[in-house]
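S.K.: A single structure is presented below for examination.
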Amino acid sequence: MKIGIIGAGNIGGNLTRRLTALGHDVSVANSRGPQTLTELAEETGATPVPVEEAARDAEIVVVTVPLKAVPNLPSGLLDGAAEGVAVIDTGNYYPQQRDGKIAGIEDEGLTESRWTERQIGHPVIKAFNGTYAIDILERPRPAGAPDRQALPVAGDDEAAKRKVRALIDELGFDTVDAGGLDDSWRQQPGTPVYGLREGVDGVTKALSEASPEHTAEFRA
């Protein structure tokens, strides 16, 4: 599968490592330019590209950049993507720690991924946002393994969600359908499922116990 990854930090870098190892054709981009991705490309076989080209012909695009950087992504980012492209948003809102106040989230009450969706003008699927980057490398397990970790996945586009869940299964993790994008507050920072290393039952329980109120740590 052709996959584009925008952002080569901890999550983006480790997804590049795992997805290339699984045989996918991965293009990876960051804000500093493809010349800064030489080592990752040599390690993985991924193709470093400018951000404007990351989604070209891609069936899945992963947007894994700081939330404050999302509005700076180029317009028409997904124009060259494959028809029916699924866009994964791994982002989190850290107002005090990194992003500053984002009015759409704080004042309008948008979920973080709904806000991101509006910025890029394309439906997104929220996944990997509460996953430790190291787990992408170290915790894959075969289907049915008793210690297989589960990840929550939220989004409105059911076909895209199925595609993302299938990819996560291939990566070695179970998934739990966390509902539509307006329900994705259940997996935002400060919720019980955020950073949780449990299976399907534990993740399902944690999602059910979430509160829509932002904790003080995650408010500007």
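The values are calculated or read from the model by the stated rules, or taken from the named source; none is laboratory data. Small disclaimer: the values here were computed from a predicted structure and weren't measured. Cβ sites come from the backbone with ideal geometry, for glycine too, and all protein chains shown count toward neighbours. Please note that ligands, DNA and RNA were not included when accessible areas were found on the heavy atoms of the full protein model with its side chains. Shrake-Rupley method; radii C 1.70, N 1.55, O 1.52, S 1.80 Å.
S.K.: Give segment 29-52 a look and list any residue that's closer than 30 Å to A103 by Cα and touching a Pro at 6+ places or on another chain (Cβ under 9 Å), or say none.
M.R.: Correct list: A29, N30, G33, P50, V51, E52.
S.K.: Of all residues being of a type in the set (G, A, S) and in contact with a Ser or Thr (Cβ under 9 Å, 6 or more places away or on another chain) in segment 14-40, which is least open to solvent (accessible area, probe 1.4 Å)? Just the residue, please. First the steps, then the outcome.
M.R.: Taking segment 14-40 first, the residues of a type in the set (G, A, S) are 21, 23, 27, 29, 31, 33.
Still in the running and in contact with a Ser or Thr (Cβ under 9 Å, 6 or more places away or on another chain): 21, 27.
Details: A21: 82, S27: 9 Å².
Restricting to residues being of a type in the set (G, A, S) and in contact with a Ser or Thr (Cβ under 9 Å, 6 or more places away or on another chain), the top hit is S27.
S.K.: Please go through (1) among the β-branched types (V, I, T); (2) open to solvent by less than 60 Å² (accessible area, probe 1.4 Å); (3) more than 26 Å from G130 (Cα to Cα) for T44 and return the number of the only condition it doesn't satisfy.
M.R.: (3)
One line per residue, one yes/no per condition, for (1) under 21 Å from D169 (Cβ atoms); (2) in contact (Cβ under 8 Å) with a residue 24 or more places away in the chain; (3) in contact with a helix residue (DSSP H, G or I) (Cβ under 9 Å, 6 or more places away or on another chain):
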position	(1), (2), (3)
I11	yes, yes, yes
T16	yes, yes, yes
L19	yes, yes, yes
G23	yes, no, no
V28	no, yes, yes
L40	no, yes, yes
P48	no, no, yes
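S.K.: Further question on the same structure: Out of all the residues in segment 81-120, which are open to solvent by 30 Å² or more (accessible area, probe 1.4 Å), touching a residue at least 24 places away in the same chain (Cβ under 8 Å) and closer than 20 Å to G195 by Cβ?
M.R.: The answer is Y94, Q96, R98.
S.K.: Hey, among E52, E59, which residue is open to solvent by 10 Å² or more (accessible area, probe 1.4 Å) and touching a helix residue (DSSP H, G or I) at 6+ places or on another chain (Cβ under 9 Å)? So that I can check it myself, show each step before the final result.
M.R.: Details: E52 fails: touching a helix residue (DSSP H, G or I) at 6+ places or on another chain (Cβ under 9 Å).
Only one candidate passes the filter, namely E59.
S.K.: Within segment 54-75, which residues are under 17 Å from S31 (Cβ atoms) and not aliphatic (A, V, I, L, M)?
M.R.: The first filter runs over segment 54-75 and keeps only residues under 17 Å from S31 (Cβ atoms), leaving 54-55, 61-75.
Residues satisfying the conditions are T64, P66, K68, P71, N72, P74, S75.
S.K.: I need the full set of residues from segment 109-120 which are out of contact with any Phe, Trp or Tyr (no Cβ under 8 Å at 6 or more places or on another chain) and in a loop (DSSP other than H, G, I, E, B), in order please.
M.R.: G109, L110
S.K.: Moving to a separate point now. If you check V87 against the conditions, is it under 13 Å from the mean Cα position of the chain (by Cα) and in a helix (DSSP H, G or I)?
M.R.: Details: under 13 Å from the mean Cα position of the chain (by Cα): yes; in a helix (DSSP H, G or I): no.
In short, no.
S.K.: So, of the residues in segment 62-80 that are within 20 Å of D157 (Cα to Cα) and hydrophobic (A, V, I, L, M, F, W, C), which turns out to be surrounded by the fewest Cβ atoms within 10 Å (Cβ to Cβ)?
M.R.: Looking at residues that are within 20 Å of D157 (Cα to Cα) and hydrophobic (A, V, I, L, M, F, W, C), I get L78.
S.K.: Could you tell me whether G23 is modelled with pLDDT of 95 or more and either closer than 24 Å to R139 by Cα or of a type in the set (K, R) (or both)? First the steps, then the outcome.
M.R.: Details: modelled with pLDDT of 95 or more: yes; either closer than 24 Å to R139 by Cα or of a type in the set (K, R) (or both): yes.
So G23 fits the description; yes.
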